[in-house]
1. Taking the highest mean first, how do the peptides 70-80, 101-111 order by number of other beta carbon atoms within 10 angstrom per residue?
2. Going by average Cβ neighbours within 10 Å, how do the peptides 51-62, 157-168 rank, with the highest at the top?
3. What percent of all Cα-Cα pairs in the stretch 80-186 falls into each 10 Å bin, going from 0 up to the bin containing the maximum distance?
4. Given R₀ = 25 Å, what would the calculated FRET efficiency be for residue 175 paired with residue 119, taking r from the Cβ atoms and rounding to 0.05?
5. With the Cα gyration tensor of the stretch 138-193 giving a ≥ b ≥ c as the square roots of its eigenvalues, does the rule (a/c under 1.5 for rounded; else a/b larger than b/c for prolate; else oblate) give rounded, prolate or oblate?
């Protein structure tokens with residue numbers, strides 16, 4: 001027999017509270033991803049400055065070994081991407097242009113494909129006229145995890161010549177932002193537009 005007092009139902013939070021909390025969590029995650037040296041993910045941290053872990057060797061499109069550590073001492077950009085990624089296709093021509101513009105400053109951009117085979121990469125690199133090393137990241141899960149490339153692509157790390165991480169940026173920012181990050185890696189120089 002039923003009584004007039006129904007079983008109490010758990011109270012649900014109003015939708016605006018749930019939406020607000022989810023928005024705060026997302027904003028916090030984005031801020032964490034974009035913060036310079038925000039985690040030891042890429043390397044060891046001394047509390048303020050993270051040092052990039054460059055102790056990885058990957059294959060280039062010709063099957064030759066390329067050691068990331070060989071680029072220490074130069075301004076270095078590690079760009080993690082894939083051939084199917086639309087925002088990656090937007091960034092690549094910017095990197096092509098900036099590699100040429102900052103050639104005298106010995107800017108090194110390394111394009112690390114997260115899951116493409118060399119057979120897929122060769123025609124893509126030719127089509128996009130990639131003038132910087134294209135490396136095969138396929139099978140290098142530790143590297144992908146360390147540089148947070150399994151979470152989102154493109155993700156780009158800007159590393160100073162001393163090996164410290166200047167910044168990281170997920171997504172495809174405007175050209176001006178990319179160039180600003182690159183210029184921050186370079187020694188101060190007058191006369192450069």
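Any read-out appearing in this document is the output of simple, stated calculations on the displayed coordinates, not a laboratory observation. Note that the coordinates shown come from a computational prediction; the quantities given were computed from them, not determined experimentally. FYI the Cβ positions are ideal-geometry reconstructions off the backbone, even for glycines, and counts take in every protein chain you see.
1. Descending packing order for the listed peptides: 70-80, 101-111.
2. Ranking, from highest mean packing down: 157-168, 51-62.
3. Going from the shortest bin to the longest, the percentages are 14, 50, 33, 3.
4. 0.25
5. Oblate is the answer for the stretch 138-193, as a/c is 1.5 or above yet b/c matches or exceeds a/b.
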